[in-house]
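The values are calculated or read from the model by the stated rules, or taken from the named source; none is laboratory data. What you are looking at is a predicted structure, and each value in this text was computed from that prediction instead of being measured. Here Cβ is always computed from backbone atoms with ideal geometry, including for glycine, and neighbour counts include all displayed protein chains.
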Amino acid sequence: MRSSFFNCVLIILLGISLSSPVPTQAVMTSTNYYIYADTIDTGGVLSTSTSYTIQDTVGEAAGTAATSSTYIIHGGYQGAELGSLTMTLSASSVNLGTLTTGAVASGSSVVTISTDSNTGYTLSVGSASGSSLTGVSDGAVTAGVEEYGVAVAGTDRAFSTDQAVTPGLVLASFNAPVNNSQSTLTFKAAISGSSSAGAYNQTVTLAASANL
């Protein structure tokens, strides 16, 4: 039986892009400092306690956000603060093991994302390279049929069915700040009796970006 010669391994990489607008005209740098924006004010101080830190500003008109279809300009010292975006994986590789015609093999990795972007984030497949089985096209990887795909679980998921792993595929998104938002990516593979025996592997790059 040829099924013992099928093996599938995924290697998952990370990619992070903070797409929030960053001022460029007023950037000032030296060997020791980086000042990304400046304003004209009369004072302010950082106040701290055991639980909180508060950065205040004196002598500044209230800052507001001006928007267009392409840009967001945050006015004022507080509004000019740089944003943050972090992404971590519970597993950087997924081994689907030896494939057989009688079962669907699967393996998962949990993606955790935090961002203070007011417009949230989008998680997608940045790139996919290597050898893989035929991409699923009917929404479900089925035993006995050569198919390969990914499903997403979590409150921010873009879909819950099995989808082919292709560059640009949106996996999860949210339109507001999130803290440790988790999406479980479950990769699935199945073979048929006519599938070509061999070792299959694919490198998938995940891209997270703050929404504009």
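Go through the range 123-212 and tell me which strands (runs of 3 or more DSSP E), entirely inside it, have 2 or more residues that are under 15 Å from residue 113 (Cβ atoms) and either touching a residue at least 60 places away in the same chain (Cβ under 8 Å) or small (Gly, Ala, Ser) (or both). Write out each step before concluding.
Numbers: elements: 147-153, 170-174, 178-190, 198-210.
The strands (runs of 3 or more DSSP E) meeting that bar are 170-174, 178-190, 198-210.
Answer yes or no as to whether residue 134 is within 12 Å of the chain's Cα centre (by Cα) and either at pLDDT 95 or above or surrounded by 14 or more Cβ atoms within 10 Å (Cβ to Cβ) (or both). Break it down into steps so the answer makes sense when it comes.
Working: within 12 Å of the chain's Cα centre (by Cα): no; either at pLDDT 95 or above or surrounded by 14 or more Cβ atoms within 10 Å (Cβ to Cβ) (or both): yes.
Answer is no for this residue.
With (1) of a type in the set (A, V, I, L, M, F, W, C); (2) within 28 Å of residue 198 (Cβ to Cβ); (3) in contact with a Gly (Cβ under 6 Å, 6 or more places away or on another chain) as the list, and residue 176 as the residue in question, which single condition is left unmet?
Answer for residue 176: the failing condition is (2).
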